[in-house]
Amino acid sequence: MAPRVFGLALRVVRDPAQAEEVAQESFLEIWRSSGRFDPDRGSAVSWLLTIVHRRAVDRVRSAEASSRRDTTYHDRNQPVAHDATAEAAQASLEARRVRGALASLTDAQRQAIELAYFGGYTHTEVASMLELPVGTAKTRIRDGLIRLRDNMGVGQS
């Protein structure tokens, strides 16, 4: 009888390991519910094979539902595609704002800021390049940054 049970389970679930589990669970269920068997309704073999078939079908349905849940979860949790065009447009607008704000600075402030922030030079190097005392170079950079902040509206609500 065991090979017949295993064969039925294997035809439904199509995986030998799963079929073994289905057969074992079926035999356990048959053992526990043997008091419910009614010989007037059919043979013991048909009752047993019905239990095995139902267990196997339940196993297949459970696996399919799990697969659908995983697929649905994966589909819903995909990262949003990166919009390079919108990012480039935003960067272009920001660059235009910065260029406009830089144009509002004095030539001395703009030159000091361009060397420090766009050139990557230290305050000491900026002072040396502009032939200024370090304190004066720092003041021009600080004043220029304050003016940029105010012109661009940074920090205002």
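Each reported figure results from applying straightforward, stated rules to the coordinates on display, with no laboratory input. Here the structure is a predicted model, which is why all the values come from computation and not from measurement. Reconstructed Cβ throughout: ideal geometry from the backbone, glycine too, with neighbour counts over all protein chains shown.
If you put +1 on each Lys and Arg Cβ and -1 on each Asp and Glu Cβ, how big is the dipole of the chain around its Cα centre, in Debye rounded to 20? That gives the chain a dipole magnitude of about 340 debye. When the chain is treated as a Gaussian network with alpha carbon springs shorter than 10 Å, the biggest mean-square fluctuation among Asp40, Asp70, Asp58 belongs to Asp40.
Kirkwood radius, region 90-152, all distinct C-alpha pairs, inverse of mean reciprocal distance: 11.8 Å.
Angle of helix 2-13 to the longest C-alpha principal axis of the chain, folded into 0 to 90 degrees and rounded to 10: 40°.
The trypsin sites (Lys or Arg not before Pro) of region 1-62 that meet both conditions, a loop assignment by DSSP and at most 13 other Cβ atoms within 10 Å of the site Cβ, are Arg14, Arg41.
Shape class for region 75-122, computed from the alpha carbon gyration tensor (a ≥ b ≥ c): prolate, with a/c not under 1.5 and a/b above b/c. Matching the structure-derived Cα extents along the principal axes in Å against the labelled list [x] 73, 32, 24; [y] 109, 29, 26; [z] 47, 36, 25 gives the label [y]. Coupling constants for region 67-79 follow from the phi torsions by the Karplus curve (6.51 cos²θ - 1.76 cosθ + 1.60, θ = phi - 60°), and in residue order they are 5, 5, 4, 5, 5, 4, 4, 4, 5, 6, 10, 7, x Hz; glycine and proline get x. With the charge dipole of the chain set up from +1 on Lys and Arg Cβ and -1 on Asp and Glu Cβ about the Cα centre, the Cα lying farthest toward the positive end among the listed residues Trp47, Ser66, Ala89 is that of Trp47. Every helix of 4 or more DSSP H residues in the chain counts as -39500 (n - 2.57), and over all residues that averages to -24500 deg cm²/dmol at 222 nm.
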